[in-house]
Each structure stands twice: as C-alpha cells, then as structure tokens.
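**Q** Before we start, here is the structure in question, set down as structure tokens.
The values are calculated or read from the model by the stated rules, or taken from the named source; none is laboratory data. This is a predicted model, so every value here is computed, not measured. So basically every Cβ, Gly included, is an ideal-geometry build from the backbone, and we count neighbours across all protein chains shown. Surface accessibility is based on the protein's heavy atoms, side chains included, excluding ligands, DNA and RNA. Shrake-Rupley method; radii C 1.70, N 1.55, O 1.52, S 1.80 Å.
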Amino acid sequence: MIVKKSELECVAVRSEQYPGQDKAEIAFAGRSNVGKSSLLNLITGRKKLARVSGNPGKTRTINFYLINDDFRIVDLPGYGYAKVSRSISESWGKMMSDYLENRPNLVRVVQLVDIRHTPSAQDVEMYEYLRHFGLSGIVVATKADKISSNQRQKNISNIRKTLGMSEEEVVVPVSALKKTGQDKLLEEIENAIFEFQGTC
Ligand code: GTP
Ligand code: MG
C-alpha cells in the first residue's frame, strides 16, 4: 500500500466526538514515549502530521487520521506515564476502554513496544486485553536503530515470549529515525483491513 493522502480528521475525548463508523480503523497503543506518533509520521511520510515529543504524555486525546480517504489510523494516548495524577489516569482508562470496547469499525490495535526492553507488566496487560477483545496480532518493535542487528532478533524473540504471541502473530521492527519497517507494517495493516472488509 502507498499512502498518498493523510489528514487529521478528528480529535476526541468522548464517544460523541468520534467520526462516523463508515471507515475501518487501525489504532496504535503503547507506553507513553514508545513512538506511536513518530510511527504515524513515518508511515504517512510526513514529518509533522502528529506531534512528537521527548516528554512522555504528549498525546492526551484520541486522534483520528484519515488515510487515502479510505481508512483511519487512530493515535491513542500512551500509558505508564508516571507523572499523571490519579484522576487523570482514571479518565485515561475510561477514555481508552470506551473507544477500544465499543467501536465496531475498529479492526486491529497495533501494540508498540520498545525493541530495547522486555515488555513491561503494563505492556503484557494491554496485549492480553487486546487479545480478549480480538484486536491483537500486530506488534511493532520501535526504535530499532538503537540496537545492533544481531541483538534485534534476540530481543524480538524475547518480546514474542513475554507477550505470549502465537506463530501467526507478527512483530515488525521499525525505526522512525532510519525510516525502516514501514512497508512491512503497511502490508500487515492492509491485510487486516482486507480481512475485515471481506467479512462485513
Ligand atoms: P505519547 O504521545 O507521550 O504517548 O508518546 P508517543 O508514543 O507518541 O512517542 P513519540 O512519537 O512522541 O516519540 C517519543 C520520543 O521517541 C521522541 O523523542 C522521538 O523522537 C523518539 N523516537 C520515536 N521513534 C523513534 C525511533 O524509531 N528511533 C529513535 N532513535 N527515536 C525515536
Ligand atoms: Mg504521541
């Protein structure tokens, strides 16, 4: 798939603000700072479509991006940001579950983990949650430029094991810095959307 067109369609914190359910959606989930917004910029080939920041907690809303006038990529706020207050973390949980559990046109959630580290307890919990709702299956290992290619395969095996992934589930290493891995991810996204559209 080639991304020819991408635009921010909608920013939401509540379900009444979501765009229509007419288009398939693929969401990006993961710890704050893992690289969700950078990944969106990478696959759309745009440097500043989504805001990227070294400070965790940059994305605080659910941002819907329309791709090729055909489907949406949804950039979700990250978890595990230690500095947020209890009330913010509760409203974050509600905002996420409202979206993830009640969106009929949500096809798949791409879970992002940092290639350098063993997935955290929260990453594992998130992946199990996604599996429970039938949304798991694609994991992106971000920041692949930060380790050697030798280390990459070892870390990917560790990620697969820690998340309890089955053989048909995929881990795609990407680097937003080196601009690698986006074609493979787009292929997986295209397959997921095709499967979904084929069943409706
Ligand atoms: P929140 O919005 O806080 O949830 O974070 P996010 O997951 O959207 O992360 P974001 O894309 O803002 O990136 C966080 C930091 O990681 C930024 O400083 C990025 O430049 C950096 N980063 C993201 N992807 C890569 C990558 O592939 N390689 C390297 N070296 N740095 C990256
Ligand atoms: Mg972000």
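**Q** Does residue 145 satisfy the condition of being touching a Lys or Arg at 6+ places or on another chain (Cβ under 8 Å), in a helix (DSSP H, G or I) and open to solvent by 40 Å² or more (accessible area, probe 1.4 Å)?
**A** The answer is yes for residue 145.
**Q** Which pairs turn up if I take residues in the stretch 126-153 that are over 13 Å from residue 165 (Cβ atoms) and look for partners that are open to solvent by 50 Å² or more (accessible area, probe 1.4 Å) and more than 16 Å from ligand 1 (Cβ to nearest atom) with beta carbon separation below 8 Å, at least 6 apart in sequence or on another chain?
**A** Once the first residue is over 13 Å from residue 165 (Cβ atoms) and sits in the stretch 126-153, its partners that are open to solvent by 50 Å² or more (accessible area, probe 1.4 Å) and more than 16 Å from ligand 1 (Cβ to nearest atom) give 133/101.
**Q** Pull out all pairs, ordered by first then second residue, where Cβ-Cβ is under 8 Å, the residues are six or more apart or on different chains, the first lies in the stretch 50-74 and is in a loop (DSSP other than H, G, I, E, B) and open to solvent by 10 Å² or more (accessible area, probe 1.4 Å), and the second is aromatic (Phe, Trp, Tyr) and more than 9 Å from ligand 2 (Cβ to nearest atom).
**A** Cβ pairs passing all conditions: 56/81; 57/81.
**Q** With respect to residue 19, is the statement that it is more than 23 Å from residue 171 (Cβ to Cβ) and assigned to a loop (DSSP other than H, G, I, E, B) true?
**A** So residue 19 fits the description; yes.
**Q** Within the stretch 170-200, take every residue that is under 15 Å from the mean Cα position of the chain (by Cα) and assigned to a loop (DSSP other than H, G, I, E, B) and give me the one that is nearest to residue 52 (Cα to Cα).
**A** Across the stretch 170-200, the extreme among qualifying residues is 176.
**Q** Regarding residue 135, is this residue under 21 Å from residue 105 (Cα atoms), open to solvent by less than 70 Å² (accessible area, probe 1.4 Å) and outside any helix (DSSP H, G or I)?
**A** Yes; evaluated as a whole, the condition is true for this residue.
**Q** Also, quick follow-up: Could you list, in sequence order, the residues of the stretch 99-128 that are assigned to a helix (DSSP H, G or I) and within 14 Å of the chain's Cα centre (by Cα)?
**A** 99, 100, 123, 126, 127
**Q** Next question. Within the stretch 29-49, restricting attention to residues that are near ligand 1 (Cβ under 7 Å from one of its atoms) and either part of a loop (DSSP other than H, G, I, E, B) or over 22 Å from residue 189 (Cα atoms) (or both), which residue is most open to solvent (accessible area, probe 1.4 Å)?
**A** 33
**Q** Give 67, 2, 43 a once-over and let me know the one that is more than 29 Å from residue 121 (Cβ to Cβ) and out of contact with any strand residue (DSSP E or B) (no Cβ under 7 Å at 6 or more places or on another chain).
**A** None of the other options fit; the residue is 2.
**Q** May I pose another question? Taking the stretch 50-65 as the search range and keeping residues that are over 16 Å from residue 109 (Cα atoms) and either touching an Asp or Glu at 6+ places or on another chain (Cβ under 8 Å) or among the hydroxyl-bearing types (Ser, Thr, Tyr) (or both), which one is farthest from ligand 1 (Cβ to nearest atom)?
**A** 61
**Q** List, please: which pairs have Cβ atoms under 9 Å, are six or more places apart or on different chains, and start with a residue in the stretch 13-36 that is more than 16 Å from ligand 2 (Cβ to nearest atom) and of a type in the set (A, V, I, L, M, F, W, C) and end with one that is part of a loop (DSSP other than H, G, I, E, B) and open to solvent by less than 10 Å² (accessible area, probe 1.4 Å)?
**A** Matching pairs, first to second residue: 24/105.
**Q** Would you check if residue 129 is aromatic (Phe, Trp, Tyr) and within 16 Å of ligand 1 (Cβ to nearest atom)?
**A** For residue 129, the condition - aromatic (Phe, Trp, Tyr) and within 16 Å of ligand 1 (Cβ to nearest atom) - is not met.
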